[in-house]
1. State whether one or more residues within the range 211-233 are outside any helix (DSSP H, G or I), over 24 Å from Ile276 (Cα atoms) and over 17 Å from the mean Cα position of the chain (by Cα).
2. Being more than 21 Å from Asn6 (Cβ to Cβ) and surrounded by 15 or more Cβ atoms within 10 Å (Cβ to Cβ) is the filter here; which residues of the range 42-58 pass it?
3. Being surrounded by fewer than 15 Cβ atoms within 10 Å (Cβ to Cβ) and out of contact with any Pro (no Cβ under 8 Å at 6 or more places or on another chain) is true for just one of Ser262, Ser242. Which residue is that?
4. Which of the residues belonging to the range 300-318 are away from the ligand (no atom under 16 Å from the Cβ) and either out of contact with any strand residue (DSSP E or B) (no Cβ under 9 Å at 6 or more places or on another chain) or within 24 Å of Leu257 (Cβ to Cβ) (or both)?
5. Looking only at residues that are in a loop (DSSP other than H, G, I, E, B) and within 16 Å of the ligand (Cβ to nearest atom) in the range 1-22, which one is nearest to Thr312 (Cα to Cα)?
6. Just to check your reading of the model, which residue among Gly296, Gly289, Gly309, Gly279 is at pLDDT 95 or above and part of a helix (DSSP H, G or I)?
7. From the residues in the range 180-204 that are within 16 Å of the ligand (Cβ to nearest atom) and aliphatic (A, V, I, L, M), which one is surrounded by the most Cβ atoms within 10 Å (Cβ to Cβ)?
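The values are calculated or read from the model by the stated rules, or taken from the named source; none is laboratory data. Predicted, not measured: the structure shown is a model, and the values here were computed from it. Here Cβ is always computed from backbone atoms with ideal geometry, including for glycine, and neighbour counts include all displayed protein chains.
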Amino acid sequence: MIIKDNCSLLGHNTFGIDVKASHFVDYDSVDELQTFVRQHHDAGDASPLLHIGGGSNLLFLSDFCGTILHSRMQEIHVTADEGDYVYVRVTAGITWDDWVQYAVDSHWYGLENLSLIPGEVGASAVQNIGAYGSEAKDFILFVDTVDLQTGEIRHFTAEECRYGYRDSAFKHELRGRYAVTHVHFRLSHSFRPRLDYGGIRRALEERGINETDLTAEQLRQTIIEIRRAKLPEPKELGNAGSFFTNPVVSRETFERLSNKHSDMPYYEVDKERVKIPAGWLIEQCGWKGKAQGRAGVYERQALVLVNLGGATGKEIAALCERIQADVKAQFGIEIAPEVNFIG
Ligand SMILES: Cc1cc2nc3c(=O)[nH]c(=O)nc-3n(C[C@H](O)[C@H](O)[C@H](O)COP(=O)(O)OP(=O)(O)OC[C@H]3O[C@@H](n4cnc5c(N)ncnc54)[C@H](O)[C@@H]3O)c2cc1C
């Protein structure tokens with residue numbers, strides 16, 4: 001275990017916000033984490049504990065007066081292999097995309113469309129990460145955690161995690177209470193590519209790849225290329241990917257809006273609800289490529305807020321609020337941040 005005091009978080013958040021944490025703990029085993037949590041409480045320390053992964057979905061508004069926890073555990077373990085399925089336990093500290101590459105190399109299929117999503121495996125089970133028609137929840141069976149109040153181990157089934165669109169119980173009633181230590185995945189031995197989303201078919205065609213000969217590695221590389229062309233690289237331009245979730249509105253609201261805006265894109269959710277791309281709403285409000293001080297809206301994708309250099313978390317949050325107010329005024333819709341505000 002490594003404990004650092006007064007630790008800079010600049011390298012621990014992809015927004016590039018320059019703040020500090022009172023303490024930063026990198027632990028190497030579940031035992032170490034449990035011992036730390038118990039000692040923290042036995043010492044009567046009331047300062048907060050916050051578990052992070054790669055910091056790619058965090059916005060620090062100020063210095064963090066507490067202890068940041070981070071897993072350095074790096075293990076991928078097959079727990080069962082039956083019929084078409086392989087069951088794999090993966091530690092939270094593994095970089096998500098390394099896990100996807102490992103699965104593809106092992107001929108375990110399902111995760112290809114989730115290639116190159118930044119962050120670590122633990123957060124995938126908190127955030128229910130998703131892209132190109134796939135979500136982490138499609139493959140998660142259960143999650144191992146340590147209770148940050150008692151140090152006890154607790155397992156959650158996928159059902160108990162209450163997964164929804166970019167959502168889980170860990171973002172609501174269980175928020176901040178549990179450290180995810182392992183995620184259990186079920187992957188398939190059969191490759192069944194999902195190609196109906198985000199221009200994947202067109203991208204394959206452009207690369208001269210025939211669908212019938214497609215390999216999982218080719219699909220992964222295609223997704224990686226599509227993503228690289230669309231999203232800013234956090235090392236060059238601080239960001240946390242999509243800043244807002246796409247709002248889901250009633251069919252009545254949708255009808256009202258689409259009468260006014262015939263070009264409004266949308267996705268059917270069910271009979272009663274329709275999802276509208278937040279990026280489109282923001283673009284219609286004229287924000288694409290615009291800035292407010294050192295905080296900006298990415299020029300190629302209005303859903304992404306960027307740190308133009310030296311912005312504070314509060315400056316990014318202020319831009320977020322202005323955009324929310326403009327979308328509300330123009331469309332009557334509330335858009336909510338996907339990014340976790342800390343502080
Ligand atoms: C360029 C870019 C593109 C992105 N594209 C996508 C995308 O396509 N799809 C998508 O879904 N997301 C996307 N994101 C968002 C981000 O990658 C995901 O939310 C990711 O899961 C965050 O992982 P992390 O390890 O960085 O978590 P952090 O940002 O460190 O933490 C996120 C949240 O999870 C909690 N947490 C993290 N690890 C643990 C743990 N082990 N135990 C308990 N709680 C924990 C934190 O407290 C926090 O609340 C993108 C981000 C960027 C910068």
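1. The initial filter retains those residues of the range 211-233 that are outside any helix (DSSP H, G or I), namely 214-215, 231-233.
Next, from what is left, pick out any that are over 24 Å from Ile276 (Cα atoms): 214-215, 233.
In the following step, the residues that additionally are over 17 Å from the mean Cα position of the chain (by Cα) were identified as 214-215.
There is at least one residue in the range 211-233 that is outside any helix (DSSP H, G or I), over 24 Å from Ile276 (Cα atoms) and over 17 Å from the mean Cα position of the chain (by Cα).
2. Kept after step one, since they are more than 21 Å from Asn6 (Cβ to Cβ), are these residues of the range 42-58: 42, 44, 53-54, 56-57.
Selection gives Gly53, Gly54, Ser56, Asn57.
3. Ser262 is the lone residue from the list that is surrounded by fewer than 15 Cβ atoms within 10 Å (Cβ to Cβ) and out of contact with any Pro (no Cβ under 8 Å at 6 or more places or on another chain).
4. Hits for the range 300-318 are Gly310, Lys314.
5. The selected residue is Ile17.
6. Gly279
7. That would be Val183.
Condition check ((1) among the aromatic types (Phe, Trp, Tyr); (2) surrounded by fewer than 14 Cβ atoms within 10 Å (Cβ to Cβ); (3) modelled with pLDDT of 95 or more; (4) under 21 Å from the mean Cα position of the chain (by Cα)) across all residues:
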| residue | (1), (2), (3), (4) |
| --- | --- |
| Ser8 | no, yes, yes, no |
| His40 | no, no, yes, no |
| Ser71 | no, no, yes, yes |
| Ala80 | no, yes, yes, no |
| Gly83 | no, yes, yes, no |
